[in-house]
Each structure stands twice: as C-alpha cells, then as structure tokens.
C-alpha cells in the first residue's frame with residue numbers, strides 16, 4: 001500500500017509479481033492433474049478407499065479387517081480412510097486423492113447429475129433411517145416447526161432427502177424444515193442429541209439404535225417416507241479408474257458380495273470381526289444385535305434408485321434424474337435385479 | 001505531538017479529505033517528485049495501476065480456464081463467477097448470507113471491543129489490572145479462536161451465541177494488546193504537560209491519552225477485525241448452519257455440497273470485496289486522524 005520513496009524498490013517488485021503469477025498457475029495446473037487422476041491409463045499401484053462411520057459400511061469393513069483386497073491384489077497398496085460425509089469423499093475423488101468412495105445416494109447423485117463420470121460397482125444394504133428425538137416436545141414432524149435443530153451428515157446427504165420427502169408427505173412442503181438442518185457427522189450428532197443440544201438427529205444404524213437405547217424415539221422413518229425399503233450405501237468409482245483397473249474393480253465387487261453373504265449367513269462370525277475392527281469400541285454381541293436388527297438388510301441389489309433420484313429432481317436438489325437405475329451402475333451390477 | 005500538529009491542521013484539511021494527494025505534513029514525500037523519472041508505470045495514478053493489475057489477473061484467470069481443459073467441477077472461469085455473483089446478489093441469497101455474517105461479526109466485535117476497553121482501562125489504572133491483562137493476553141492471544149468453537153457449541157448450543165462468543169474472543173486480545181501498548185508508549189512529556197495544565201481523569205484520557213495512542217488503537221482494530229473476519233468464516237464452514245439461514249461461510253459450504261463451484265468462488269470474491277471495503281474505511285479514518293496529525297505516513 002505505501003508509496004515507495006525510491007524507484008529501485010519499485011523495479012524489484014516486478015519479478016516478485018511475475019513469480020507469484022507463475023506459482024499460482026502452477027498450483028492450478030497441479031489441481032487439474034489431480035482432478036484427472038481418477039482416470040489415468042495405467043493400473044494403479046495405490047488404491048485409496050473411503051467410507052463413513054456406521055454399520056452400513058460393514059461389508060467394506062469386513063474386507064478391510066480380513067484383508068481380502070490386499071491378498072487378492074499383491075503389489076497394490078490399499079489405503080482405508082474414514083471420512084465424515086459423502087461430500088468429503090466426493091471432494092477426495094474429484095481431487096484424485098481417493099479412488100473408491102462409498103456412501104448414501106445423495107452425494108453420489110449430486111455428483112452424477114453435475115457430470116462426474118462415476119458409477120456404482122456395488123450397493124451394500126437396505127437400511128431404515130430414523131429421525132430420532134429425545135425431548136418430549138418433539139412427537140411429530142409438525143413439532144419441529146419451532147426451529148428445533150435437526151442434525152444430519154450434510155445438506156446433500158440421503159438423510160436430507162428423507163427429511164424433505166417426509167416434510168412433503170406430512171407437512172405439504174418439502175422445504176418446510178430446511179432451516180432446521182445442521183451438518184454433523186453421525187457420532188457428533190449422537191453426542192449432541194443425547195446432551196440435549198439438538199431437537200432431532202436423522203441418522204443411520206447403529207447410531208439410531210444407540211440413541212433408542214438411551215431414551216430417544218423415532219419420529220419418522222425413511223421406509224415410511226419412501227413407501228418401502230431402499231438402498232442406503234453404495235460403493236462407487238470413476239469410469240476411468242474402473243476401466244484401467246478391471247481386476248481391482250472385480251475383486252472389490254466380489255469382496256463386498258462376500259461380506260454381504262457373511263453378514264446374512266454368519267452374523268456371529270461377522271460381528272466378531274467387526275468388533276475386532278472397531279478396536280473393541282463395541283462388543284461382538286452389540287454388533288450382532290445391530291446387524292440382525294430388522295431395520296438392516298444386507299444385499300447387493302439396488303433398490304429405490306429411480307424413486308429417490310426423481311424426488312431429488314422434483315425438489316431441485318439435482319438437475320437431472322436417471323430414467324433407469326442401470327444408468328447409474330457398472331455392467332456387473334446392471335445384469336442383476338434392481339430398481 | 002498533538003499540540004504542535006494541531007496547528008498544521010487547517011493547511012492539511014483541504015487536501016487530506018478527498019484524494020490521496022500529497023499532504024503538507026510529511027516533508028519526506030516531497031523528495032518523491034524528482035525520483036519518478038524512468039518508470040512509466042510508477043508515474044500512473046494509483047487507481048489506474050491497481051485496476052490494470054486487477055484486469056491482468058482476471059484476464060490470466062479467464063485464459064487459464066478457457067485454454068486448459070480443467071474440469072468445471074474443480075475450477076471456475078471469471079465469467080461464470082460473475083454470473084454466479086450477479087445471480088446470488090439479485091436473488092438475495094448472497095446478500096442475506098453477507099448481512100447475517102456481518103451482523104454476527106458486528107456483535108462479536110462490539111463485545112470484544114468493550115471487553116478490550118475495560119481490560120486496558122483497568123490495566124492502565126491498576127497494577128493488578130496490568131498483571132491480569134498481560135497474563136490473559138499471553139495465554140489467549142496465541143490460541144486460534146476457532147479452536148474454542150467445540151467448547152462454545154457445548155456451552156451455548158448450536159446457535160448464533162456460540163459464534164458471537166468465538167468472535168468476541170478472537171477480537172478482544174489483539175485489540176487489548178495494541179491499545180495497552182499504545183497507552184504505555186505515550187510520550188511522558190506530553191502526559192506531564194497535560195497534567196500540568198490541569199487535566200486529569202476522563203479529560204486526560206480523552207484529550208491526551210486517546211489521541212496519542214490512536215495509531216496503536218487503529219492497528220489493534222485492524223488486527224481485531226481481520227482475526228474476527230477469518231474466524232467467523234472458518235466457524236461457519238465448520239459449523240454448517242449459523243442459525244437462521246446461514247452466513248457467507250455456510251453459503252460457500254452449501255455450494256460446495258451441491259458442487260456449485262462458481263457459487264463457491266462468488267462467496268470467496270464477496271469476502272475479498274468486503275475485506276477491501278473495510279480496509280478502505282480504515283484508511284479513511286487514518287487519513288482524517290493520525291495521518292493529519294503527522295503521526296503516521298499516508299498510505
């Protein structure tokens with residue numbers, strides 16, 4: 001800002017400005033490389049897989065704990081990362097940091113509609129997502145019109161879609177409770193609800209079960225809102241990565257199917273592995289209760305994609321919706337049943 | 001020295017009010033005139049120089065976005081950003097977010113300034129007050145205020161109150177440090193002169209201490225505002241919703257959730273523009289006070 005009294009100094013500023021510009025452009029160029037990094041023509045030597053908290057990711061967690069991918073892909077470094085929201089995982093995939101993402105349909109569809117070239121390699125389960133409340137004041141959705149905060153992972157999460165669907169069904173206006181939404185990861189939301197800082201928490205298993213055990217109750221359920229069971233979490237990757245890593249993609253789909261089969265057929269064994277994976281945070285008995293709860297059904301069959309996507313388009317969360325669920329998935333999944 | 005510079009006031013008043021013309025108060029600036037030979041660039045008016053630079057940067061930005069095949073999902077061209085800015089301001093979304101952010105920042109800064117005023121007053125009058133101030137500032141000033149956000153949420157809930165507390169904490173300490181430094185470095189001779197002509201108590205503070213410490217006070221306010229501004233944007237980014245509709249940080253975050261990258265840039269540009277506007281306000285204040293009194297070189 002200050003005027004330089006001598007001209008020598010002024011001249012010396014020129015190279016500095018030039019340097020700053022070059023640096024800025026270099027940084028931007030690096031970002032571009034990273035963004036394209038999901039594609040690439042060669043087989044990856046390092047695969048970063050991102051998931052979120054909750055037993056909706058149990059098939060992936062089994063693969064992680066039992067090292068199914070590491071064993072099947074010698075020479076490939078597998079990195080497991082837990083992130084708090086689908087949007088964070090999407091950012092990671094866009095920047096090229098993460099190759100395989102997992103999460104609810106919301107962030108996936110937002111990215112798909114915006115033109116990210118990604119598809120789903122496998123879904124993991126149908127799950128009933130509950131809006132939990134602890135304060136007696138909140139018995140129905142109507143009661144939240146007083147502005148009581150409702151936490152969920154993000155404004156684009158599947159939980160946000162569920163809230164709007166329910167708001168449209170019960171209050172006649174999908175956006176009636178938009179101002180109430182607070183973004184919190186599931187574990188933080190659980191703490192906040194139980195300590196009385198939140199009116200409601202729209203979450204997922206096992207957090208909704210834990211909240212129920214601590215005296216919270218269901219206000220709405222996603223199965224009611226959408227008129228039946230629907231997919232909760234999927235595993236997805238960019239087409240470029242899929243095409244240049246066929247072996248890894250195939251093994252990933254098979255590992256998830258293997259995990260799903262174990263969760264259905266040998267829940268005791270799966271629960272023991274999950275407890276081990278959690279470092280003992282929850283006992284095998286607790287995990288067994290969670291994965292056998294009737295709000296949880298492990299399956300690789302896509303369910304309700306079109307229904308959810310079209311509702312998201314209707315309320316303008318996304319600009320286009322698929323006509324057919326097969327537009328959203330890779331061939332391996334498209335051959336099976338789904339909706 | 002306030003007393004001697006006051007006499008120069010009428011002379012500087014005319015030129016100091018509007019344009020950044022050379023004042024009469026700073027003799028060294030007269031040296032500048034012969035030194036401008038050579039560089040054409042330096043001879044251009046400030047406004048033109050900066051406008052040209054800005055245009056150049058935007059042109060490079062647009063060129064990069066057009067010529068490289070960078071994905072619009074990670075980078076936006078200035079034209080898209082301009083459109084997002086226009087739509088954001090005409091639809092009222094950006095205006096609402098900006099007003100909310102500035103409101104919370106204003107309240108937080110008000111509380112912070114009041115706290116700083118009380119602390120520094122006590123520190124100037126009493127020894128224990130000074131000890132308290134030194135201890136508190138040395139403990140709390142190095143702490144990034146955003147670090148207390150989790151605690152503030154726990155204590156005050158997910159409300160604007162939590163944000164206001166964090167902002168107040170962010171601005172109190174830099175202001176208190178600067179103001180108390182200003183008071184402590186007042187020339188003792190001036191203070192003695194003030195006492196000698198019978199000033200004491202509030203009048204001594206108002207007529208001698210405050211004007212003499214004004215350069216420090218202004219730089220304290222500048223630092224405080226910068227801390228507060230950064231903190232509130234960061235807090236809104238972490239926080240999600242700042243109660244009501246959400247402020248600028250929340251606008252950026254929400255746009256990011258829905259991959260509206262031009263809107264993310266529009267939010268950033270708005271933040272930068274407000275920064276420039278505030279800087280300009282501070283410059284005006286300085287020009288009318290400390291620069292005119294000859295305590296600081298013009299900028």
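The values are calculated or read from the model by the stated rules, or taken from the named source; none is laboratory data. Everything numeric in this text was worked out from a predicted model, so none of it was measured. Every residue, glycine among them, receives a Cβ derived from its backbone with ideal geometry; neighbour counts consider all protein chains shown.
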Inset, instruction - State all residues of region B:54-68 that are within 8 Å of chain A (Cβ to nearest Cβ) and either part of a helix (DSSP H, G or I) or under 29 Å from the mean Cα position of the chain (by Cα) (or both); if no residue qualifies, say none. - result: B:57, B:60, B:64
Legend entry - Filter result for residue B:71 (modelled with pLDDT of 90 or more and within 12 Å of chain A (Cβ to nearest Cβ)): no
Inset, instruction - Looking for whichever is over 22 Å from residue B:267 (Cα atoms) and at pLDDT below 90 here; the options are B:148, B:128. Which one fits? - result: B:148
Inset, instruction - Report, by residue number, each residue of region A:57-67 that is surrounded by fewer than 20 Cβ atoms within 10 Å (Cβ to Cβ) and either part of a helix (DSSP H, G or I) or in contact (Cβ under 8 Å) with a residue 40 or more places away in the chain (or both). - result: A:65, A:66
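Residues that are within 13 Å of chain A (Cβ to nearest Cβ), outside any loop (DSSP other than H, G, I, E, B), in contact with a helix residue (DSSP H, G or I) (Cβ under 8 Å, 6 or more places away or on another chain) and at pLDDT below 90: does region B:18-38 have at least one?
yes
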Inset, instruction - Scan region A:160-179 residue by residue and report those that are within 14 Å of chain B (Cβ to nearest Cβ) and more than 21 Å from the chain's Cα centre (by Cα). - result: A:175, A:177, A:179
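Could you please find all residues in region A:308-329 being closer than 21 Å to residue A:102 by Cβ and in a helix (DSSP H, G or I)?
Passing the criteria: A:308, A:309, A:312, A:325, A:326, A:327, A:328.
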Inset, instruction - Please work out which residue is farthest from the other protein chains (Cβ to nearest Cβ), limiting yourself to region B:74-110 and to residues that are without any contact (Cβ under 8 Å) to a residue 12 or more places away in the chain and within 14 Å of residue B:228 (Cα to Cα). - result: B:110
Inset, instruction - Kindly establish whether residue A:242 is at pLDDT 95 or above, surrounded by 21 or more Cβ atoms within 10 Å (Cβ to Cβ) and within 29 Å of residue A:164 (Cβ to Cβ). - result: no
Legend entry - Condition check for residue B:264: within 13 Å of chain A (Cβ to nearest Cβ) and either in a helix (DSSP H, G or I) or modelled with pLDDT of 90 or more (or both): yes
Legend entry - Test: residue A:154 is within 21 Å of residue A:87 (Cα to Cα) and not in a loop (DSSP other than H, G, I, E, B): no
Legend entry - Meets criteria (in contact (Cβ under 8 Å) with a residue 40 or more places away in the chain, within 21 Å of the chain's Cα centre (by Cα), within 22 Å of residue A:265 (Cβ to Cβ) and surrounded by 16 or more Cβ atoms within 10 Å (Cβ to Cβ)) for residue A:282: no
Inset, instruction - Look through region A:79-96, keep the residues that are outside any helix (DSSP H, G or I) and surrounded by 20 or more Cβ atoms within 10 Å (Cβ to Cβ), and return whichever of them is farthest from the other protein chains (Cβ to nearest Cβ). - result: A:83
Inset, instruction - Would you mind finding the one in B:273, B:259 that is at the interface with another protein chain (Cβ under 10 Å from one of its Cβ atoms) and out of contact with any strand residue (DSSP E or B) (no Cβ under 7 Å at 6 or more places or on another chain)? - result: B:259
Inset, instruction - Sort through A:175, A:221, A:231 and tell me the only one that's surrounded by fewer than 21 Cβ atoms within 10 Å (Cβ to Cβ) and closer than 24 Å to residue A:111 by Cα. - result: A:175
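Listed here are the residues, each with its yes/no results for (1) in the same structural domain as residue A:220 (by TED's automatic domain parsing); (2) closer than 17 Å to residue A:221 by Cβ.
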residue	(1), (2)
A:99	no, no
A:113	no, no
A:140	yes, yes
A:143	yes, yes
A:150	yes, yes
A:156	yes, no
A:162	yes, yes
A:180	yes, no
A:183	yes, no
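Inside region A:230-259, can you point out the residues that are more than 22 Å from residue A:200 (Cβ to Cβ) and in a loop (DSSP other than H, G, I, E, B)? I'd like the intermediate steps shown before the answer.
To start, the set of residues in region A:230-259 that are more than 22 Å from residue A:200 (Cβ to Cβ) comprises A:231, A:234-259.
Of everything in region A:230-259, just one residue is more than 22 Å from residue A:200 (Cβ to Cβ) and in a loop (DSSP other than H, G, I, E, B), namely A:245.
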